[in-house]
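To start, the structure under review is shown below, and the notes come after it.
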């Protein structure tokens, strides 16, 4: 039984949501029914991902030949530790987001669009899962586009509450498509040079080629820029703040936890597994491009967060800064740096999804997300704000939370290479995080509630605590972000194996 | 027992000079004992020094602090409202 | 070793349970049982350490040895007494804060590596600030914030030090180090803040008088003594500590003489007592370290007893200002007796605990040839007697009669004070019990030889005579309400004003300079705000066209790098 | 010079595709009309598709249909298959993009980018009222 499952889990984890989504669309318009199906499928998918993680924790690699055609001819799903970790993050975020979504979506979206939301959500999840699992470069493009298209739609669904969601979705669509097309061009150059699309095969054949081929340089440049767009790496981050700020709350939770991180995964996969560090634009050039952009992104994102006045946007900007942290670890090009990046990525997914869930709980009770309208909200919603505070502590990097270990490893990795300046920037940006988090905490806990909230139709009704079904996933995420700050075996153990395997591939 | 103690203390409180004299007598006895022991060679410490040093330094300390107060003292609400100094103590 | 649960973790776990126990006798009994259980655990746990891995680093979350054990013991005793003292309290926030504080401090004592130490170091700050904020009110809020900033600064220094330390040595183990590397300096400064080094000390006198009645008793026990422990562990025999310690013993006594708020007097005297311990650690001989540790042990008891007695007065009268008190021996004779016992202990009267713990430090400073240090310490000893030994009981219970007639302190407070007073006397009379627990063997050392006893008595009696002389001659400065400026004036007043004033009159650096600085800041701010605000280049809602341009630019850059 | 001539004659497909891509990207950047932008995007994508397919052509090869004839040269069929998928993606993108433009028109009353940006900035400014 276990062996059969091991054989098919790599496909099941993606196919389940991918196939369920259109079925739901065809056969059911009842939002609750679609939600229940989506939840069930997400749960199964999550279990598969957990199973795969357990299977690969000893460094084993599972290979699934799609349709029985062996690679490099057929499409191969290849699950190593890195893929399994990403699968777990995506499936976990999808599960938590769905648990959270029912009441939130029922409140935020008109009835006619609710089932469409869940269909898009499932498609987006399956696309992201596919990116993490597949070992075929073109297949990766297809999955990237499935997830992106679904994400555009998810964001646009927020347009009923705030029209800026529509323009944000449009901008994201234009940018995302350009990015994806760049990616395809890069893949094409690789295919033209080697005649294969299987990434393992690509890596082998690339290393047989003479160093210095121009089309390969171009391929790498196109792939880096294309994926940087999806990651929202500075200066290509401009689509992100509004997209996250105005998407429906449940969509923000899922996208912030999973979307950009899967793009980071794809970038790491190409840079380290396919190209290898000593190849093409390796080594110092990568340092010269990624390190500065990551650091500028951290600083600019934090500044923007400090200056923002809209709670969701504050944390959307904070995501840009936090993605900078992860890219920094990759840009360091060291074993320690990669390890730190993946630990950071894991913990950030938990903390950020908890934060956006807390903001979603607030959005459930009141339309406005202005800081001035959050005054005194901790009195009305103590449980929500308590969980928010825990997650925010993790975001800052307070000890005993997941954020701490990520930042610590990152600083250690920077210092290991003698980059004092980078370590200082990491510390400074953490202090900036204290500032913008503090502004929300201050508004929620210390400011007296304003009597009347302008433009808010629900202003007269007293704010109440969010429903239990929304608090549950929120608290799960918040407590997990503390748990993984104390018991670091899962994230750090996984990151160590990932760093080992990438280092081996980079040689 | 407590009542008797309180009465005794009340008596002493009314006669501070008596207390002072008693203390001075005790101090004198200690000085004498110190000097005696030193003469007898029980120990090599400088005799009487502790007492004089303590007296002089304490007077110096208080007078020094008194002078310092002219420089450093401010009204109680100097730091208000960002300090508790001038806040009314909460009654039990 | 068998992984018995560490006493600190027990308290931390207990702190999480406190809110779920109904207020009243059940909860207070639970809170009293926790430190007692902790003592039982401490008795069971053998010396040794527990290795673990955190984020791929080898850490030692738990280590027990002689030094940690005696500090654990006194911290548990202090927790018990403080909890007993707070029996009447019905404030969950304070209860939880206090036990997180105590638990974190205990856990920090048993931390065998810098990372674990840092984690609990910060938790100590978080727990303790709750005891200030629990007083509620605007002043307490701001005071708590200032306190927290100092504590967090200490934590960040420790974190930075730990990072560099790991890079330098490849290990995070927390053992003795020398002030040779930047990492050691960072850690030293981190400890220094919590230990109240000169110019880093203000948070003590700022925050402790602002705590709640029962909270300040907790506060006086843990933070600073944790720092003393850390210094004893990390920097024994560091000569700089001797001079730092001497300054710490001297300057607070001047402030203590003129200060009106009795809890602030005690805070200054706390700082002075820390100085003795720091000197002992700086001298670094086994006997001196033992003296420092023993002094910390005794100090926790008598200092908390002093805070308890002043707190009991505050509880009944509602204030701890010397100007408002006096003549209270009539109403609160038992409290007075306990206060006098504590005062005798802190003044190091023979047969009281302070005597047997301060003597080793003084004799070692003499033995080590630090003559000047010895003279100054002697001066400081006389000063301690002056402000803590005489001033506190005198102005509270005697002096001019304030006319206040109140009830004696409640039973549980008397009980807590009684136990503490008993310990003060017991240790003073039979010091061997304490000496036997110290990290180094004491040999046949005894504080009770003729030279010590007579010298000390002489010093004290003549100090008292000086006090009497000054009082009778009217030279003694009268108590007046007011605030005395200390070094914290610089950041509480000067810097704040400097930031606040835009077009105001000359303060310190000159109005024009500040106007200029603020003007520049105004311009920078408006530029930044325009940059990040709506429609700004970095603001939200940018059009897709410009983003596409960025893509093209970045691609060209990447290609340029590739082909160059 | 020979080199340039060789590129011109042998890789003319790349040159044409690049030219088309540039036109498409330029439209995306320069046009404010949302639908025109999408058309530009489509041109950009299609140029890439063309490039793929033209590169799959093997000199003298026939359509890749197995005839059983020995020694026959076939064009590489894989790019065609890939591009078939990519076209589907492109169509979906275009459909979704147009749908969003429709919604934007409903919500903003315009589909000129600068006017929408102005409206967004006005909304942002409303969010900004300082506390």
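Nothing in this text is a laboratory measurement; each read-out follows from the coordinates by a stated rule. Since we're looking at a predicted model, the values are computed, not measured. Here the Cβ positions follow ideal geometry from the backbone for every residue, glycine too, while neighbour counts run over all protein chains shown.
The P(r) of the range B:2-72 has a tail past 18 Å containing 63 percent of all C-alpha pairs. Share of pairwise Cα-Cα distances greater than 34 Å in chain A is 30 percent (whole percent). Normalising the Debye intensity of the range C:236-484 to I(0), with uniform scatterers on Cα atoms only, and taking log10 at q = 0.07, 0.10, 0.17 Å⁻¹ returns -0.22, -0.46, -1.24.
For the range C:299-382, take N as its residue count and report Rg(C-alpha) divided by 2.2 N^0.38 Å. Dividing the Cα Rg of the range C:299-382 by 2.2 N^0.38 Å gives 1.37.
Under 17 Å from a label point 7 Å along Cα→Cβ of residue C:153: give me every residue in the range C:191-229 with its amide N that close. Only C:191-208, C:224 fall inside the zone, counting backbone N under 17 Å.
Let me know the shape class of the range C:35-132, please: from the alpha-carbon gyration tensor, a ≥ b ≥ c as square roots of the eigenvalues, rounded when a/c is under 1.5, otherwise prolate if a/b is greater than b/c, or oblate. Oblate is the answer for the range C:35-132, as a/c is 1.5 or above yet b/c matches or exceeds a/b. A viscosity of 1.567 mPa s and a temperature of 4 °C, combined with the Kirkwood radius over C-alpha pairs in the Stokes-Einstein formula, give the protein assembly as shown a diffusion coefficient of 38 µm²/s.
Exposure proxy shown here: for C:142, C:95, the number of other Cβ atoms within 10 Å sets the order, fewest to most, as C:142, C:95. In this simple spin-label approximation, residue C:400 and residue C:239 carry label points 7 Å from Cα along the Cα→Cβ vector, and these lie 5.2 nm apart. Within 10 Å of the Cβ of each residue in D:98-106, the mean number of Cβ atoms contributed by other protein chains is 5.
Look at the stretch C:446-459: the mean tally of other chain Cβ atoms within 10 Å of its residues' Cβ atoms is 5. If you wrap the Cα atoms of the range A:302-351 in a convex hull and average its projected area over all directions, you get 3.4 nm². Between the C-alpha center of the range C:142-197 and that of the range A:1-44 there is a gap of 52 Å.
Modelled this way, with points 7 Å down the Cα-to-C-beta line, the labels at residue A:438 and residue B:49 are 5.3 nm from one another. Here the range C:206-229 and the range A:133-148 have alpha carbon centers that stand 59 Å from each other.
Between residue D:102 and residue D:32, the C-beta separation translates, for a Förster distance of 30 Å, into a calculated FRET efficiency of about 0.95.
Assuming R0 = 22 Å, what is the FRET efficiency of residue A:192 and residue D:88, from their Cβ-Cβ distance, to the nearest 0.05?
For R0 = 22 Å, the calculated efficiency reads 0.50.
For chain C, find the longest principal axis of its Cα atoms and tell me its angle to the long axis of helix C:138-169, 0 to 90°, nearest 10. Orientation of helix C:138-169: about 70 degrees from the principal axis.
Panel values: chain C, Kirkwood radius from alpha carbon pairs, Stokes-Einstein at 25 °C and 0.890 mPa s, translational diffusion coefficient 97 µm²/s. Reported to the nearest whole Å, the Cα centre-to-centre distance from the range C:401-441 to the range D:15-60 is 87. Using C-alpha pairs under 8 Å with a sequence gap of at least 6, the mean separation divided by the residue count of chain A gives a relative contact order of 15 percent.
Considering every residue in B:9-16, what mean count of other chain Cβ atoms within 10 Å of its Cβ is obtained?
That average works out to 3.
Taken over the alpha carbons of the range A:154-198 as equal point scatterers, the Debye sum produces base-10 log I(q)/I(0) values at 0.15, 0.16, 0.25, 0.27 Å⁻¹ of -0.52, -0.55, -0.79, -0.85.
Between 0 and 90 degrees, the angle of helix A:402-416 with respect to the longest Cα principal axis of chain A falls at about 40 degrees. Ranked by the mean number of other Cβ atoms within 10 Å per residue, highest first, peptides C:469-478, A:101-110 order as A:101-110, C:469-478.
Using only the Cα atoms of the range A:37-160, what semi-axes does the equivalent ellipsoid have when each is the square root of 5 times a gyration tensor eigenvalue? Give whole Å, largest first.
Over the Cα atoms of the range A:37-160, the ellipsoid semi-axes are 30, 17, 10 Å.
For chain C, the longest principal axis of the C-alpha atoms and the axis of helix C:239-258 are separated by about 70°. A Förster radius of 22 Å, combined with the Cβ-Cβ distance separating residue B:33 from residue C:471, puts the computed FRET efficiency at roughly 0.25.
Ordering of A:124-134, C:113-123, C:328-338 by packing is A:124-134, C:113-123, C:328-338, highest average first (other Cβ atoms within 10 Å, averaged per residue). Counted by neighbouring Cβ atoms within 10 Å, the residues C:109, C:50 run from fewest to most as C:50, C:109. The coefficient of translational diffusion for the range C:177-335, derived via Stokes-Einstein from the alpha carbon Kirkwood radius under 37 °C and 0.692 mPa s, stands at 203 µm²/s.
Under a point spin-label approximation (7 Å from Cα along Cα-to-Cβ), what is the residue C:92-residue D:16 distance to one decimal in nm? Reported label-point gap for residue C:92 and residue D:16 is 7.6 nm. An ellipsoid equivalent to the range C:100-219, defined through the eigenvalues of its Cα gyration tensor, has semi-axes of 28, 15, 10 Å when rounded to whole angstrom and sorted largest first.
In plain terms, the residue of A:77, C:229 with the fewest other Cβ atoms within 10 Å comes first and the most crowded comes last, giving A:77, C:229.
By the helix-only formula, in which each DSSP H run with n ≥ 4 contributes -39500 (n - 2.57) and the sum is divided by residues, the protein assembly as shown has a 222 nm mean residue ellipticity of -24000 deg cm²/dmol.
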